[in-house]
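Just so it is clear, none of the values below were taken in a lab; they were calculated from the coordinates. Note that this is a predicted model, so its numbers are computed, not measured. As a convention, Cβ positions derive from the backbone with ideal geometry for all residues, glycine included, and neighbour counts pool all protein chains shown.
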Amino acid sequence: MSVLEVTDLRAGYGRIEALHGVSLHVDAGEAVTIIGSNGAGKTTLLKTIAGHLRPTAGRVVLAGEDISHWTPERRTRAGIGLVPEGRQVFPGLPVIDHLLLGAYTRRRDAAVRSDLDHMLDLFPILRERSRQLAGTLSGGQQQLMVIARALMSRPKVLLLDEPSLGLAPLAVHEVVDKLTQLVGEGTTLLLVEQNARAAFQVASRGYVLTRGEVIAEDDVTALQADPRVQEAYLGR
């Protein structure tokens with residue numbers, strides 16, 4: 001069953017169209033990746049799914065409900081979680097407050113505190129650094145924190161925009177391991193990445209986006225064998 005369906009989506013900035021009829025789906029418990037170079041439209045696609053950009057055509061359907069014209073907050077409440085590119089942390093805010101901020105749409109939910117404990121169990125480094133200011137964390141620790149922050153909204157699907165960007169190889173490995181663990185526990189992911197090697201370790205299926213269009217869709221084994229993917233993203 002598809003949790004997220006995107007059909008013939010078009011969006012852009014002013015008169016410049018960045019997405020030219022993109023379609024994709026993500027099933028419950030599935031990890032799907034979208035790979036593409038800079039300017040391919042990956043971030044535009046996630047922003048449109050999350051409601052930060054309005055589509056000019058097409059549909060975004062979450063759990064069977066058309067959310068194409070909902071506000072970002074309403075989409076978050078419905079189950080869209082977003083881990084933005086560049087992490088977007090508040091440097092002077094402690095780790096624990098970032099996690100609580102992720103549950104802002106659930107202010108009256110008595111389960112927030114138990115979910116907070118679950119996040120600190122899931123990400124032990126965040127429990128260790130819970131009172132530390134976010135700006136003093138390493139890049140990898142910040143990335144784990146913003147993933148946990150997004151999970152605090154209890155999303156039906158978690159959108160991740162370039163989570164490996166700017167991280168050292170060891171930190172990329174830690175993030176990949178944590179995402180793989182989340183998928184193993186049933187979290188549904190849509191992962192945008194330039195780092196195809198990292199993305200293919202997490203996802204079971206993928207799409208290749210070029211200049212706002214999907215040019216390939218398959219399971220990751222087939223994509224890894226695709227000469228276009230090998231040449232452009234795997235350095236073969």
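Exactly one residue out of 43, 71, 56 is more than 28 Å from residue 166 (Cβ to Cβ) and either in contact (Cβ under 8 Å) with a residue 24 or more places away in the chain or in contact with a Leu (Cβ under 6 Å, 6 or more places away or on another chain) (or both): that is 56.
Do we find a residue being within 22 Å of residue 210 (Cβ to Cβ) and not basic (Lys, Arg) anywhere in segment 60-68? Scanning segment 60-68, I find at least one residue that is within 22 Å of residue 210 (Cβ to Cβ) and not basic (Lys, Arg), so the answer is yes. Looking only at segment 64-89, how many residues end up being over 15 Å from residue 143 (Cβ atoms), part of a loop (DSSP other than H, G, I, E, B) and touching a helix residue (DSSP H, G or I) at 6+ places or on another chain (Cβ under 6 Å)? Counting residues in segment 64-89 that are over 15 Å from residue 143 (Cβ atoms), part of a loop (DSSP other than H, G, I, E, B) and touching a helix residue (DSSP H, G or I) at 6+ places or on another chain (Cβ under 6 Å) gives 1.
Taking the residues in segment 189-225 that are over 20 Å from residue 30 (Cβ atoms) and free of Cβ contacts under 8 Å to residues at least 24 places away in the same chain as candidates, determine which candidate is surrounded by the most Cβ atoms within 10 Å (Cβ to Cβ). The residue in question is 215. The residues of segment 125-155 that are among the charged types (D, E, K, R) and either under 18 Å from residue 202 (Cβ atoms) or crowded, with 22+ Cβ neighbours inside 10 Å (or both) amount to a single one, 149.
Quick one: in segment 84-109, of everything that is charged (D, E, K, R) and over 18 Å from residue 125 (Cβ atoms), which residue is surrounded by the fewest Cβ atoms within 10 Å (Cβ to Cβ)? If we take residues in segment 84-109 being charged (D, E, K, R) and over 18 Å from residue 125 (Cβ atoms), then 108 is surrounded by the fewest Cβ atoms within 10 Å (Cβ to Cβ). Within segment 98-143, being over 18 Å from the mean Cα position of the chain (by Cα), among the hydrophobic types (A, V, I, L, M, F, W, C) and closer than 22 Å to residue 86 by Cβ holds for 100, 125, 126, 133, 134, 137.
Total residues in segment 13-40 satisfying the condition of being in contact (Cβ under 8 Å) with a residue 60 or more places away in the chain and part of a strand (DSSP E or B): the figure is 15. crowded, with 17+ Cβ neighbours inside 10 Å, in contact (Cβ under 8 Å) with a residue 24 or more places away in the chain and on the phi > 0 side of the Ramachandran plot: is that true of residue 166 in this structure? Judged against the criteria, residue 166 is not a match. Of all the residues in segment 90-122, those that are outside any helix (DSSP H, G or I) and either among the aliphatic types (A, V, I, L, M) or under 11 Å from residue 149 (Cα atoms) (or both) number 5.
Scanning segment 97-137 for residues that are touching a strand residue (DSSP E or B) at 6+ places or on another chain (Cβ under 9 Å) and closer than 17 Å to residue 155 by Cα turns up just one, 102.
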